[in-house]
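Trainee: First, the structure itself, so that you have it in front of you.
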Amino acid sequence: MAAVTKDLWINGKFVATERTYPLYAPYDGQQLAAIAKADPGHVQEAIAGAHRAFQTMRELPAHRRAEILFEVVRQLKERKEELARICSLEAGKPIRTARGEIERTIATYQFAGEEAKRISGETIPMDAAPGGEDRVGFTWREPLGVVVAISPFNFPFNLVAHKLGPAIAAGNTVVLKPAEQTPLSALIMGELFHNAGLPEGALQIVTGSGRELSEALISDERVKKITFTGSSEVGRLIKSKAGLRKTTMELGSNSALIVEPDVPLDKIIPRCVEGAFAYAGQVCISLQRIFVHESIYSEFSERFIERTQQLNVGDPLDENTDLSAMINSREADRIESWIREAVDAGAKIGCGGRRDGSTFSPTVLLDVTRDMSVSCKEVFAPIVSIVPYRSLDEAIELVNDSMYGLNVGIYTQNIGHAFYASRKIESGGVIVNDIPTFRVDHMPYGGVKESGYGREGIKYAVQEMTELKFVTIKTQL
């Protein structure tokens, strides 16, 4: 890919900026493009344009919004391999994984188009209360207005889709700020929506530094909702400035899995390894902590390590690559220091722990304690710890001893234990007989505690991006 200049997408056209920054591929350092660096003035222009376009969007009928989203789906299907390659290059995502992301992105916009036609209210039995006789009551949902969407690097197509899809389905306009490392995929979506007939100004895309743009993006009173996926630290900052406006926060996690002694290890270990190391662990619900019953701990650990050592690390465009470079060298530095800290405190490296530039070998840690950074913080890297437990209650206590609560998994063949754990575990989602990394794009998805609040999953995100209005009519004067 030639290092061309990529401009901002404002009011239906590309807009050049005085400043740009180089975009490099995480794996080999190849310069992919020069990316426009927006300033607060560009953000104000984008918000103003989105605010004007909202008057058109709110009057756009549901069938038309659906048609626009379905046309985006059609274009994505036509360009699948091209888009997967872009995703692989700018995010360092193995090409097979990138193809899977494009398929999920197609499904997400498809769900959004379908949901655009299903936004509804309900009737209220007014005469259920004294004084409600001779009245009809009902609700409907109305779009909010301008939505600011701030997306991360790890799923540059699909997590953008989880913000754009429901916002547009509901009749909102969007100002999108993609991650600095993955702007190419977002800018492509500007073109695709334009080609699909989205009204001019309904989607604005500003690229550049989050630190430089966050104040302008968040503080403008014309912005009615902020949806953010990223770190807990940035989420707290955004929330402190958002005030009473609506926010959805998809933040950090140190996702856990409980493995009971009655499960067939040969069936679950490949899936567990996949959940721990897919995309080098740079997934919000990547499997980070595995709690295994003490009776099968040794066998599980040995077989898990054996499977991990079979993974291929290398060029993301190689069809045989399972995981590639981390997003940048700073993240590799951080993980190297966390592993060193854990080993100094008594942890053992079962396998991995090696670094080559920004590439980190898949690492299994044993004898990890709950106070180590690799356990109590979000590693967001190809690291997993395996810890024994004696009873299900102890395992649940270990899982819940976390500031996070996004997805938790449990493997068990005891239906009573499955329901018991589902009740006791403190998380937004409990995945029974699969890893916490499991997600399909129409299910409700979100966390508790410092993992955030609000829910994604198209139907649920539409609810978050609309306002419920109640109407009552007195039928007789």
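The values are calculated or read from the model by the stated rules, or taken from the named source; none is laboratory data. Values in this document were obtained by computation on a predicted structure and should not be read as measured data. When we count neighbours, we look across all protein chains shown, and the Cβ atoms used for this are built from the backbone with ideal geometry, even at glycine.
Trainee: For Arg303, state whether it is closer than 29 Å to Pro94 by Cα, charged (D, E, K, R) and modelled with pLDDT of 95 or more.
Mentor: yes
Trainee: Can you tell me which residues in segment 298-319 are in contact (Cβ under 8 Å) with a residue 24 or more places away in the chain and either part of a helix (DSSP H, G or I) or buried (at least 22 other Cβ atoms within 10 Å of the Cβ) (or both)?
Mentor: Glu299, Phe300, Ser301, Arg303, Phe304, Ile305, Arg307, Thr308, Pro316, listed by residue number.
Trainee: Another question about this same structure. Would you call Ile95 touching a helix residue (DSSP H, G or I) at 6+ places or on another chain (Cβ under 8 Å), under 27 Å from Leu213 (Cβ atoms), touching a residue at least 24 places away in the same chain (Cβ under 8 Å) and among the aliphatic types (A, V, I, L, M)?
Mentor: On the way: touching a helix residue (DSSP H, G or I) at 6+ places or on another chain (Cβ under 8 Å): yes; under 27 Å from Leu213 (Cβ atoms): no; touching a residue at least 24 places away in the same chain (Cβ under 8 Å): yes; among the aliphatic types (A, V, I, L, M): yes.
No, not satisfied.
Trainee: Restricting the first residue to segment 182-196 and requiring it to be in the same structural domain as Ala34 (by TED's automatic domain parsing), which pairs with a second residue that is at pLDDT 95 or above and among the charged types (D, E, K, R) meet a Cβ separation below 6 Å and a spacing of at least six or different chains?
Mentor: Filtered contacts from segment 182-196: Thr182/Glu90; Leu184/Glu90; Leu187/Lys6; Ala196/Glu71.
Trainee: Go through Leu213, Leu217 for me and flag whichever is under 30 Å from Ala66 (Cβ atoms), in contact (Cβ under 8 Å) with a residue 12 or more places away in the chain and in a helix (DSSP H, G or I).
Mentor: After ruling out the rest, the residue left standing is Leu217.
Trainee: Considering every residue within segment 191-207, establish whether at least one is surrounded by fewer than 24 Cβ atoms within 10 Å (Cβ to Cβ) and of a type in the set (A, V, I, L, M, F, W, C).
Mentor: yes
Trainee: Could you list, ordered by first residue, the pairs with Cβ atoms under 7 Å in which the first is in segment 401-423 and more than 10 Å from Asn433 (Cα to Cα) and the second is among the aliphatic types (A, V, I, L, M) and in a helix (DSSP H, G or I), at least 6 apart or interchain?
Mentor: Val408/Val399; His417/Leu392; Ala421/Leu392; Ala421/Ile396
Trainee: Additional query: Only one of Leu60, Leu76, Leu69, Leu83 is of a type in the set (A, V, I, L, M), farther than 30 Å from Ser120 by Cα and assigned by TED's automatic domain parsing to the domain that holds Phe155; which? Talk me through it step by step, then tell me what you get.
Mentor: Details: Leu60 fails: farther than 30 Å from Ser120 by Cα; Leu76 fails: farther than 30 Å from Ser120 by Cα; Leu69 fails: farther than 30 Å from Ser120 by Cα.
Exactly one of Leu60, Leu76, Leu69, Leu83 is of a type in the set (A, V, I, L, M), farther than 30 Å from Ser120 by Cα and assigned by TED's automatic domain parsing to the domain that holds Phe155, namely Leu83.
Trainee: Next question, about the same structure. Tally time: how many residues in segment 115-142 are under 29 Å from Gln55 (Cβ atoms) and either of a type in the set (S, T, N, Q) or surrounded by 23 or more Cβ atoms within 10 Å (Cβ to Cβ) (or both)?
Mentor: Number satisfying all stated conditions: 4.
Trainee: Also, quick follow-up: Considering segment 346-376 alone, what residues qualify as being closer than 19 Å to Leu398 by Cβ and outside any loop (DSSP other than H, G, I, E, B)?
Mentor: Within segment 346-376, Lys348, Gly350, Val364, Leu365, Leu366, Ser373, Val374, Ser375, Cys376 meet the criteria.
Trainee: Is it true that Ala332 is of a type outside the set (Val, Ile, Thr), closer than 15 Å to Asp28 by Cβ and in a helix (DSSP H, G or I)?
Mentor: Against the criterion (of a type outside the set (Val, Ile, Thr), closer than 15 Å to Asp28 by Cβ and in a helix (DSSP H, G or I)), Ala332 qualifies.
Trainee: Scanning segment 408-429 for residues that are in a loop (DSSP other than H, G, I, E, B) and either outside the structural domain of Ile269 (by TED's automatic domain parsing) or over 22 Å from the mean Cα position of the chain (by Cα) (or both), which turns out surrounded by the most Cβ atoms within 10 Å (Cβ to Cβ)?
Mentor: Among those that are in a loop (DSSP other than H, G, I, E, B) and either outside the structural domain of Ile269 (by TED's automatic domain parsing) or over 22 Å from the mean Cα position of the chain (by Cα) (or both), it is Thr412.
Trainee: Quick one: which of Arg74, Arg99 is under 30 Å from Met326 (Cβ atoms) and at pLDDT 95 or above? Before the answer, list the steps.
Mentor: On the way: Arg74 fails: under 30 Å from Met326 (Cβ atoms).
Checking each option against the conditions leaves just Arg99.
Trainee: Among the hydroxyl-bearing types (Ser, Thr, Tyr) and under 20 Å from Thr412 (Cα atoms): which single residue out of Ser295, Ser324 fits that description?
Mentor: Answer to the selection: Ser295.
Trainee: Any residue at all in segment 100-117 that is assigned by TED's automatic domain parsing to the domain that holds Gly210 and not in a helix (DSSP H, G or I)?
Mentor: Yes - at least one qualifying residue is present in segment 100-117.
Trainee: Quickly run through segment 48-63 and pick out the residues that are in a helix (DSSP H, G or I) and within 10 Å of Gly171 (Cα to Cα). Don't jump to the end; show me each part of the working.
Mentor: From segment 48-63, those in a helix (DSSP H, G or I) are 48-57, 62-63; that's our starting set.
Within segment 48-63, Phe54, Gln55, Thr56, Met57, Ala62 meet the criteria.
Table: residues versus (1) touching a helix residue (DSSP H, G or I) at 6+ places or on another chain (Cβ under 7 Å); (2) closer than 30 Å to Asp220 by Cβ; (3) of a type outside the set (Ser, Thr, Tyr).
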| site | (1), (2), (3) |
| --- | --- |
| Ser120 | no, no, no |
| Pro130 | no, no, yes |
| Asp134 | no, no, yes |
| Phe155 | yes, yes, yes |
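Trainee: Report the residue count in segment 432-465 for those that are under 22 Å from Thr105 (Cα atoms) and part of a strand (DSSP E or B).
Mentor: Of the residues in that region, 2 qualify.
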